[in-house]
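**Student:** First, the structure itself, so that you have it in front of you.
The values are calculated or read from the model by the stated rules, or taken from the named source; none is laboratory data. These numbers come from a predicted model, not from an experiment. Methodologically, a virtual Cβ is constructed for each residue, glycine included, from the backbone with ideal geometry; neighbour enumeration extends over all protein chains shown. Heavy atoms of the whole protein, side chains included, go into the accessibility calculation; ligands, DNA and RNA do not. Shrake-Rupley method; radii C 1.70, N 1.55, O 1.52, S 1.80 Å.
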Amino acid sequence: MTGEDDNLNTVASTTAGMISGSMTGKNVHFYSYYPELTLVSATASKTTSGLATTSDVVEGKITFNVKAVGADIYVTTTAGVGVNATSSNSTEKGTDSKSLQSSATTVGSNYIVYSGETKSFTISDTVTPAADGYFGVNFDFFKWNTSSAGATFDWSTATFSTFVDEWKTPTVYLDYRA
């Protein structure tokens, strides 16, 4: 078994298979198999129609890599179910439209990342405002399993502060027009 200290340095085993010490944190999870997620990019593109009755929109895209460690990793192909992103301005959001793309193989209604492979995922959310304001897109959750049986493990903004602090697009000002 290996571990990492606060500076992300690998901590070596001092006794065959043993690491001693203590941990402090909100939630601690131990997995023998898991997806390793790495943020690639987070972008926001504003579109203005130029029409007096059509609001601006922003398309936020969050691209990340998933490496399957120890087992195949399954993620549903339906945006908002297995992977989700939401508007950064929930009080003034009118509508949004989500999509999910991946370089992973599709098996039934799931993407599969085979053990040892790394595949790219992009969650997109196009937001139309219900009022003027600043809008962007925030990563919300990643649900996965080691079979096609459905999402068993839910990694969300409630359990991973990295998603809240780093996995978000820049914000842009959108004009609402009715």
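**Student:** Surrounded by 16 or more Cβ atoms within 10 Å (Cβ to Cβ), among the small types (Gly, Ala, Ser) and under 13 Å from the mean Cα position of the chain (by Cα): which single residue out of Ala68, Ala79 fits that description?
**Tutor:** Result of the check over Ala68, Ala79: Ala79.
**Student:** Within the stretch 151-178, restricting attention to residues that are closer than 29 Å to Gly108 by Cβ and open to solvent by 30 Å² or more (accessible area, probe 1.4 Å), which residue is farthest from the chain's Cα centre (by Cα)?
**Tutor:** Ranking the candidates gives Thr152 first.
Every residue, every condition in (1) farther than 30 Å from Asp140 by Cβ; (2) open to solvent by 90 Å² or more (accessible area, probe 1.4 Å); (3) modelled with pLDDT of 90 or more, yes or no:
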site	(1), (2), (3)
Thr10	yes, yes, no
Thr24	no, yes, no
Val28	no, no, no
Thr54	no, no, yes
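**Student:** Strands (runs of 3 or more DSSP E) wholly in the stretch 39-146 with at least 3 residues that are over 26 Å from Ser161 (Cβ atoms) and β-branched (Val, Ile, Thr) - which ones?
**Tutor:** Of the strands (runs of 3 or more DSSP E) lying wholly inside the stretch 39-146, those with at least 3 residues that are over 26 Å from Ser161 (Cβ atoms) and β-branched (Val, Ile, Thr) span 105-107.
**Student:** From the set of residues in the stretch 30-44 that are exposed (fewer than 13 other Cβ atoms within 10 Å of the Cβ) and among the polar types (S, T, N, Q), which is farthest from the chain's Cα centre (by Cα)?
**Tutor:** Ser32
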